[in-house]
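Structure record follows, encoded as structure tokens.
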Amino acid sequence: AIQEYRVISQNFKAEYQKSSSAIITATTKSGSNVWSGQALFGYQTKGLLALDSFQLRDKHRADSIAKVTGNPSTFSKPDYKRTLGALSVGGPLIKDKLHLFASYEGNYQNRNNRIDFGSIPTGFPALDTVNLAQYNGSFTSPFRETLLFGKLSYALDPKSSAELSINNRHETDVRDFGGNQAFQEAVNFRNSVTLAGLKYNRFSGPWLDEANVSYSRFRRNPSPNTPGLPNRVYQFNGADHVIGSNLSVQDFIQKRLGLRNDLTYTGFHAAGEHVVKLGANVDFVQYDVHKGNDETPKFVYNDIVNGVPYGYRSPYLLRYGTGNADLTANNNQIGLYLQDDWTPTPQLTLNLGIRWDYESHMLNYDYVTPQIVVDTLTRYNSQLPHPLDLNRFISTGSNRKPFYGAFQPRIGFAYAIDKASKTTVFGGFGIYYDRSLFDIAVDETLKLTHPTFEIQFAPKGATPGPGQVAWQDSYLTADKATLDALVHTSGRPEAWLIDKDVKLPKSRQWNLGVRQILGDFAVSATYAGVRGVDQLTLNWAQFGLNPDGSCCTSFDLGPHGFSNFIYSANDAKTWYDALQVQLDRPYRRATEKKVGWGAGLAYTYAVRSLQGVDNLGDLFAFPNATNIPKHPSNDEKHRIVANGIVDLPFLYGVQLSSLLVLGGKYSLDVGCPQRFCGSGTTGNKYERGGFTVPGTFPYRNVDLKLRKDFPNIGRGALGLTVDIFNVFNRNNFGCFNTGNRDDQNFGQPTCVVTDARRAQLGAEINF
């Protein structure tokens, strides 16, 4: 259904809202006065797939055992199948007036995940009874996706048109198992998205008015694929090995009614040519949330805990969530912008704009902190390692105010040094506000209405110590009544405290570059910089660092009814600087005298640093953001992406295209977690670059595609394709063990991040 798309990574204009990275704009296809259509088909099966290194290791082990025992090998190639199908049609319902376009796409996959619990400890009868080895093997991970799109285009008169479009996406994805996670622990991740839009355009001389009414409904609904089992975690060899149901049921529904109008005027000619554009949008959003996190009880087992033997006979910890997991809220969003694309001379263009955005209820402004939280915090605040300003962190329902200051100036320029515009210098600067996640406001409420409790168990048959509960075999259940009775007498919820002066995340972005036309080639070099500030983090009020910087000093909230006091801060910052070099030769079709070809090469050298958070996207900063210094984090400095396409007229008219991706060295954070490893490990400091992947380009991937078009049959045309992904069967490793330098498997990968070599057969019919 996509006719064309554009990726905008620099010089965002003011019409684009909430844009903190790249923007993708897409134009969908429309019907015409001639009926036409297209059908696509792609197919993969396990016979078209190679084995990766882990699968080859399993095969070698099984073959070796078979050779010794004389029995057939137990290894079988994992099942896999993917079918892609698409059909589109477009044409006139009323010639020259009303046109239809509709499409269907289906993506049906039976993937396969490998589960290997590794070397299971021996000498533990209780662990032998569980028989973890029975969960090893390869299991199908099915994915189903259906995409539907329809558009009606109506020419009202020579100066105006209307367009109605509807699209729907429905997905089910059984995933999040493999490695040390049994198939029982899989999630069935369901997405259902419906969008509808009605657009009206009116032309009148230098004026263009675009009015748009849209409605969308997003539903995200992950839940256990195998419900009803208690989740059990067995800790050995420095890792968690998990069986039982997945932990949570979530059902997020967002409904949005949007009104937008954009007005463009091209009749202003003062000191050059101007294209002036202004617009406004108003969105009415409703959230209906069910966030049943941790409703599957999680029991954690180990051999020895804090020097006390458990022998895997009983768990030492239960983590379980219960209560009211439902929440409904409304939020209104407003955006205004004005921009002027001014060309004072034929060689110079200036892009000048400003934008303002507002949200009425993104952070739960009418929330009232429960009295029990207020009383506990007031009484013990001075004893916390990080005392809080209670005027900021106790919400009265009226002391939080929406942010009205999201003004975002954006400027850009392009200057052609020569009259033929072969050499152009360009640049820009802009301020961009992003959104605070509504999920934060959800958890502020649900952490108390639907708390997650933790219960510490004494070893089976032992007398409970302080803060412990005597273990009973009847506790190993998913029965809600049994577990509710247990945790409500012994568990402790946590309270989230959101600063009334919380800020919106903001970034300043700029770039400066040059483009050069060299015959058929276009070359560009650009410096791009981004500085992110006021990034939201969540911190622990009852934990702090010792004077020597080690972890941790603490205040025990347990006797006072709470497990944690989590408070918000805007202390996280990000830095990004990149040199981006591109070389492009646009594709041109073959002629009688010339071979048709095109190619592109992009090289990026980039450095990224974080402060106040360990990983970008992770809101939690233990114990608090001020203790996490500026540091590089999992950064890959070098990346090369090359593509090419060539017509081969002497090889039966076959067309060959390719994509090459090379990723340079990158550093991984070391620690357990990243900065505080605890007793018996390498220390309690943040460690930069503790593990570096060897090789100049540890990530390498080459894809090829062959296409043969056959002569037209009437109005129809047929094309056959063969895709080969990861042509050289490169093992691009991931999931590196970086938790503890003293681990004998430190630095070893446990997964691959790209598939082994695989082929795909396809066909396309145009009619």
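If you go through segment 388-400 and keep only what is part of a loop (DSSP other than H, G, I, E, B) and touching a residue at least 40 places away in the same chain (Cβ under 8 Å), you end up with L388, I394, S395, N399, R400.
From the list T45, T27, which residue is out of contact with any Ser or Thr (no Cβ under 8 Å at 6 or more places or on another chain) and crowded, with 16+ Cβ neighbours inside 10 Å? Explain how you work it out, then say what you get.
Working: T27 fails: crowded, with 16+ Cβ neighbours inside 10 Å.
Residue meeting the stated conditions: T45.
Looking only at segment 395-408, which residues are more than 29 Å from the chain's Cα centre (by Cα), open to solvent by 30 Å² or more (accessible area, probe 1.4 Å) and not hydroxyl-bearing (S, T, Y)? Across segment 395-408, the qualifying residues are N399, K401. When S550, S554 are checked against the criterion of being over 29 Å from the mean Cα position of the chain (by Cα), closer than 28 Å to Y380 by Cα, touching a residue at least 24 places away in the same chain (Cβ under 8 Å) and open to solvent by 70 Å² or more (accessible area, probe 1.4 Å), a single residue qualifies: S554.
Being among the hydroxyl-bearing types (S, T, Y) and part of a loop (DSSP other than H, G, I, E, B) narrows it down to one residue among T445, T463; which is it?
Every option except T463 fails the conditions.
Annotation note: Cβ proximity below 6 Å between a residue of segment 645-662 that is charged (D, E, K, R) and a residue that is in a strand (DSSP E or B) (sequence gap 6+ or interchain) occurs for D647/Q655.
The condition (being in contact with a Pro (Cβ under 6 Å, 6 or more places away or on another chain) and modelled with pLDDT under 95) is satisfied by just one residue among N180, N136, N112: N112.
Of all the criteria given as (1) part of a loop (DSSP other than H, G, I, E, B); (2) surrounded by 14 or more Cβ atoms within 10 Å (Cβ to Cβ), the one not satisfied by I440 is (1). May I ask you to list the residues in segment 707-749 that are hydroxyl-bearing (S, T, Y) and either surrounded by fewer than 17 Cβ atoms within 10 Å (Cβ to Cβ) or over 30 Å from G179 (Cβ atoms) (or both)? Of everything in segment 707-749, just one residue is hydroxyl-bearing (S, T, Y) and either surrounded by fewer than 17 Cβ atoms within 10 Å (Cβ to Cβ) or over 30 Å from G179 (Cβ atoms) (or both), namely T721.
Based on what the data block shows, is I431 outside any helix (DSSP H, G or I), among the β-branched types (V, I, T), open to solvent by 40 Å² or more (accessible area, probe 1.4 Å) and closer than 24 Å to L278 by Cβ? When the stated conditions are applied, I431 does not pass them. Once segment 54-95 is narrowed to residues that are more than 26 Å from T140 (Cβ to Cβ) and among the charged types (D, E, K, R), the residue that is modelled with the highest pLDDT is K95.
Only residues that are open to solvent by less than 70 Å² (accessible area, probe 1.4 Å) and either without any contact (Cβ under 8 Å) to a residue 12 or more places away in the chain or among the charged types (D, E, K, R) (or both): list them for segment 48-68, please.
Of everything in segment 48-68, those that are open to solvent by less than 70 Å² (accessible area, probe 1.4 Å) and either without any contact (Cβ under 8 Å) to a residue 12 or more places away in the chain or among the charged types (D, E, K, R) (or both) turn out to be D52, D58, D63, S64, A66.
Annotation: of all residues in segment 572-615 being within 30 Å of V654 (Cβ to Cβ), basic (K, R) and open to solvent by 50 Å² or more (accessible area, probe 1.4 Å), the one that is nearest to the chain's Cα centre (by Cα) is R588. Looking across segment 632-666, the residues that are within 22 Å of the chain's Cα centre (by Cα) and over 25 Å from D584 (Cα atoms) come down to P632, S633, N634, D635, Y666. Scanning segment 165-202 for residues that are in contact with an Asp or Glu (Cβ under 8 Å, 6 or more places away or on another chain), in contact (Cβ under 8 Å) with a residue 40 or more places away in the chain and either part of a strand (DSSP E or B) or of a type outside the set (A, V, I, L, M) (or both) yields D176, F177, G179, N180, E185, V187, Y200, N201, R202.
Within segment 743-767, residues that are under 30 Å from S32 (Cα atoms) and assigned to a loop (DSSP other than H, G, I, E, B) sit with their Cβ atoms under 7 Å from residues that are at pLDDT below 90 and open to solvent by less than 80 Å² (accessible area, probe 1.4 Å), at 6+ positions apart or across chains, in these pairs: F767/G716.
Scanning segment 267-305 for residues that are outside any strand (DSSP E or B) and under 30 Å from D240 (Cα atoms), we see that the one that is least open to solvent (accessible area, probe 1.4 Å) is P297. The strands (runs of 3 or more DSSP E) falling completely within segment 476-547 that include 1 or more residues that are closer than 30 Å to F429 by Cβ, of a type in the set (V, I, T) and at pLDDT 95 or above map to 506-518, 521-540. Of all residues in segment 92-111, those being of a type in the set (F, W, Y), open to solvent by 70 Å² or more (accessible area, probe 1.4 Å) and over 24 Å from G47 (Cα atoms) number 1.
Scanning segment 346-359 for residues that are assigned to a strand (DSSP E or B) and open to solvent by 60 Å² or more (accessible area, probe 1.4 Å) turns up L352, I354. Of the residues making up segment 322-333, not a single one is part of a strand (DSSP E or B), more than 26 Å from the chain's Cα centre (by Cα) and not hydrophobic (A, V, I, L, M, F, W, C). Can you find, within segment 489-535, the residue that is least open to solvent (accessible area, probe 1.4 Å) among those that are free of Cβ contacts under 8 Å to residues at least 60 places away in the same chain and within 30 Å of H560 (Cα to Cα)? Here the residue is S490. Residues in segment 306-345 that are open to solvent by 50 Å² or more (accessible area, probe 1.4 Å) and closer than 21 Å to D473 by Cβ: V308, P309, R313, R319.
The values are calculated or read from the model by the stated rules, or taken from the named source; none is laboratory data. Because the structure is predicted, anything quoted here is derived from the model rather than measured. As a convention, Cβ positions derive from the backbone with ideal geometry for all residues, glycine included, and neighbour counts pool all protein chains shown. To get the accessible areas, we keep the full protein, side chains included, count just its heavy atoms, and leave off ligands, DNA and RNA. Shrake-Rupley method; radii C 1.70, N 1.55, O 1.52, S 1.80 Å.
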